[in-house]
Every structure is written in structure tokens, then in C-alpha cells.
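Reviewing the structure listed below.
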Amino acid sequence: MPNPTQANSIAQRVIPREQHTISRKDISANALRVLYRLREGGFDAYLVGGAVRDLLTGGHPKDFDVATSATPEEVKHLFRNCRLIGRRFRLAHVVFGREIIEVATFRANSDDGSGDRQVHDDGRLLRDNVYGSIEDDAVRRDFTANALYYTVEDFSVRDYVGGFEDVNNRVLKLIGDPETRYREDPVRMLRAIRFAAKLGFSIDPATAEPIPRLAPLLREAAPARLFEDCLKLFLYGHAEASFEGLERYGLLPALFPDTAAALAANRSGALRRMVIAGLRSTDARVRADEPVSPAFLFAVLLWPAYCRALMTLQSQGVHLTEAQRRAADRVTVHQLDSIALPRRFSLPMQEIWLMQARLMQARSGQRQRKRVMRTLAHPRFRAAFDFLVLRQAASDGHAEDVAFWRDAQQDPDNAIALHPVEDAAETEEEGAEGAASGPRKRRRRRRKPAAAHSAAE
Ligand code: ATP
Ligand code: MG
């Protein structure tokens, strides 16, 4: 396989301290310690990757990675608090209490067969442990913005791929031939969406062009890795932009096939509005430093799929309670083909869905005190209630249920007295989204048999 960028013909650009914004006071003291110690040991050492990119764009790096000419074993010799990890990428972790500084030896994308490198038939990289020069290390990285090196030698930034200019122009550009780089590692398509969303960068046309074509390759990525990448897409404050990026570049069907199909079939757009409302509120929680949970996130992302499965089952005559359970299972099992959602998240996700019908019973004449108390005591009540609030925000329905459960959390008896049971829905809610409403839906369907199908057709 040809190396897309010729490492030996690469020019180094040095951006001196006075021409960039990276200051030592913004760098973790432990990362600086590692940089100085490696240099004292006679090795080259640089801050690299996301930390340099984020510092240049005025962000706060969530971790600090170091690249060095020292081998992992040599790093281990220098630091008592060091452990070696990884097989595909062998790395040194230098541990300072809760902070880990990841130290990676310069690696090459060499394809002369001499090193410890394995390439799959379809071009995917399986193992990649060939050490190289800093130039080699720069060109095997994904985006130019991720391939900048900061050194404490003279506090300059070293650039081998034009990344400094691209960061200034706020553009995300793959290093080398984009199609080759995506074939090597299809997850780079997700990374493109993620960094564009997170940094507010545009994606360079040549980098963007192959994504819709190559999107199906993502299906071959390891489901466990996709789960991790999903968390990075959606739990770091840029979920809405990430989702829109996935839609725009045709990646949604590869990642969430059932949700993509449900959204495509839902002409009213009610399901999409719900997803967007959920992601927006996730972003707001992150900004406010409130906790966010993968269970809730996936309940939002897979809600369209759940509603659609539920409607299909109900139209086949399956009783509501049974249909809900089967829809939840079906959607979960199917999703596991692409994303390895651990059970500790998928179970509460399902509970959030199943509790929706229970919360809707507030208007179905079943609002007995005992049931209300049991619902309030359910460990998933809070999440399910928040979910109902989102559905209200997205559809203008459920207002009475939301009001009831909001009051019930303060004083259940007062809430029961305050909110008389209504017989019929006060707002017309559209098909697919309403399918998960429970008993009310059943009543409505008896009166208006065609209504349940309206939005999904
Ligand atoms: P984040 O803010 O999400 O941590 P990051 O850029 O640090 O962003 P990491 O996944 O931590 O992303 O990777 C660190 C660096 O390793 C990247 O900046 C990039 O240079 C390189 N890298 C990571 N994943 C890949 C990949 N799939 N292909 C090529 N280079 C990669
Ligand atoms: Mg990182």
C-alpha cells in the first residue's frame, strides 16, 4: 500500500513562542514534568495531539499526550510511576494520582514489512508498532490539526503537515489521501464529524467527499470502539452538532440503522425533534456541569427505533405491555450489532422507555395513590420523568402529565387532588411518537383506528 505522504520529503515549520498562544501555565504540571524528565534523559519529547490543538483554539484539553523518541521500555526506566499498556499501540502510562500522562514513542506508517505491522486485506490497520522519526509520527496521525508538536526546549510548535495554518483557518483536513486513510481506519470518519462539531471547524472538501461513499465501512469497526466513540460524540457538550454532522454525511445508518430508518419514515419530523431536544438538553447539562448518563443518551438516540418497533408490533395485534417489552428488546439486540452498549446502560435505557407508559397513566383513570407512590419510588423515575419532559418540549403534548408528576414529586396527595383525571387527550400528538404513550393511545386507536400509523408511513 503506498504511503500517502512521503515522510522524508517533509519540511518542518517552527512556530516560535511569540507567534502562538500556548503558555506553560495552561499545561498540566505533570505533563511538563514528563517532558522535562524525558529531555534530561537525552530523549526528544513533545506535547502532541488534542492538547496542542485545544490549547491553540483556546480550549481546555481533557488530557495531555506526549510523543517521544524514547521506547516504552526506556520511558519505564525513567519513571517509577509508569506502566506499559496496549498491543496494537504499545504505550507508556505515567501515573500521577488520578492523572495519567500517555507517552507514545514516535511511530512510523512504514509499509516495508520490516516492523511489527499488520494490514488487513481491505486496507485496515491491525497492529502498528513500527517506531520512527517525528516526521513519520506526524504523517501517520489523522488530521493536520492533531499533528502539532509543542516542545519545552524553546517553547515552539513544530509543524510537519500544515496543521498550524489549518487550525488558524479552522479547517479539518486529513493528512494524506483521504480515501486511503478512511479505509485504513473507518472510525476516522466519525472523528472528522466529532472534531468539526467540537471545534466548530469546517471539514475540508477533499476530506469530506469520501465520507458518504465510505460510510458503510463503519459497520466493520469494532462495536466496543464505536461505543467509546459515541460517548465522545455525544457526552462532551457538542451532541447536537455531532448528530447533525452524522446526518449530513450519511453516517447515521451505519451507526444507528433502526433509528435512521425510523427517522426516514417519520414524515412529520416529530421523532427527530425529540432526538434533537434530547441532545440539546444533554449539551446544556454538560455546560452546567451536571451529570449525563449513557443510558439516558441512548434512550434518546434509539427512541425513534423503539417507537417504530412498538408501532409495528401493535399493528400486528400484540398487546401493549408485551409489545413494549418486545420492542425494547428487539431494538437493543439489533443495536448491539454496531455498538456494544453494555448491559449496565441498556437495562436502564429500556426502563426509561417502559416507564413512559406508566407516566402517561396519569391521564388514563389509573392514577391511584398506590400506583403513584410506586412510580415515584422507582429507581428510574427521575430519568423517565426527564425523558417525558423532553417529549413534551419536542411535541407540545404531555403537558398535563408533566405537570402532574412535577407536583407529585413535591406532594403526591396534593397532586392527585390538583390534577383531575382527564378522559381524552387535550393535544393531538402525532403517530409514531405517540405510540409509546400507553393506554391513552389504545383508547384513541379504538376511536380512530388509522391514527396510530399516520406518522410512520
Ligand atoms: P480528544 O480531545 O478527543 O482526546 P485527541 O485528538 O486527543 O482528542 P485521541 O483519540 O486522544 O484524540 O488521540 C490522540 C492523538 O492520536 C490524536 O490527536 C491523533 O494525532 C492521534 N490519533 C488518534 N486516533 C487516530 C487514528 N484513528 N488515526 C490516526 N491518528 C490518530
Ligand atoms: Mg486525547
Got at least one residue in region 67-85 being surrounded by 16 or more Cβ atoms within 10 Å (Cβ to Cβ), within 14 Å of ligand 2 (Cβ to nearest atom), at pLDDT 95 or above and among the aliphatic types (A, V, I, L, M)? yes
Can you find a residue in region 41-59 that is of a type in the set (A, V, I, L, M, F, W, C), more than 22 Å from R170 (Cα to Cα) and at pLDDT 95 or above? yes
Report, by residue number, each residue of region 327-341 that is outside any helix (DSSP H, G or I) and either of a type in the set (A, V, I, L, M) or surrounded by 12 or more Cβ atoms within 10 Å (Cβ to Cβ) (or both). L336, S338, I339, A340, L341
Against the definition (part of a helix (DSSP H, G or I), assigned by TED's automatic domain parsing to the domain that holds A383 and under 28 Å from P210 (Cβ atoms)), how does V275 come out, yes or no? yes
The lone exception for E184 - which of (1) crowded, with 20+ Cβ neighbours inside 10 Å; (2) touching a helix residue (DSSP H, G or I) at 6+ places or on another chain (Cβ under 6 Å) it fails: (2)
Would you check if A299 is in the same structural domain as L347 (by TED's automatic domain parsing), under 16 Å from the mean Cα position of the chain (by Cα) and surrounded by fewer than 24 Cβ atoms within 10 Å (Cβ to Cβ)? no
When region 58-98 is examined, which residues are found to be in a loop (DSSP other than H, G, I, E, B) and within 11 Å of ligand 1 (Cβ to nearest atom)? G59, H60, P61, K62, D63, F64, R88, F89
Can you say whether V52 is assigned to a helix (DSSP H, G or I), within 13 Å of ligand 1 (Cβ to nearest atom) and in contact with a strand residue (DSSP E or B) (Cβ under 6 Å, 6 or more places away or on another chain), as far as the supplied structure shows? yes
The one condition in (1) basic (K, R); (2) in contact with a helix residue (DSSP H, G or I) (Cβ under 7 Å, 6 or more places away or on another chain); (3) surrounded by fewer than 20 Cβ atoms within 10 Å (Cβ to Cβ) that R308 fails to fulfil: (3)
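The values are calculated or read from the model by the stated rules, or taken from the named source; none is laboratory data. In this text, all values refer to a predicted model and were calculated from it rather than measured experimentally. Cβ sites come from the backbone with ideal geometry, for glycine too, and all protein chains shown count toward neighbours.
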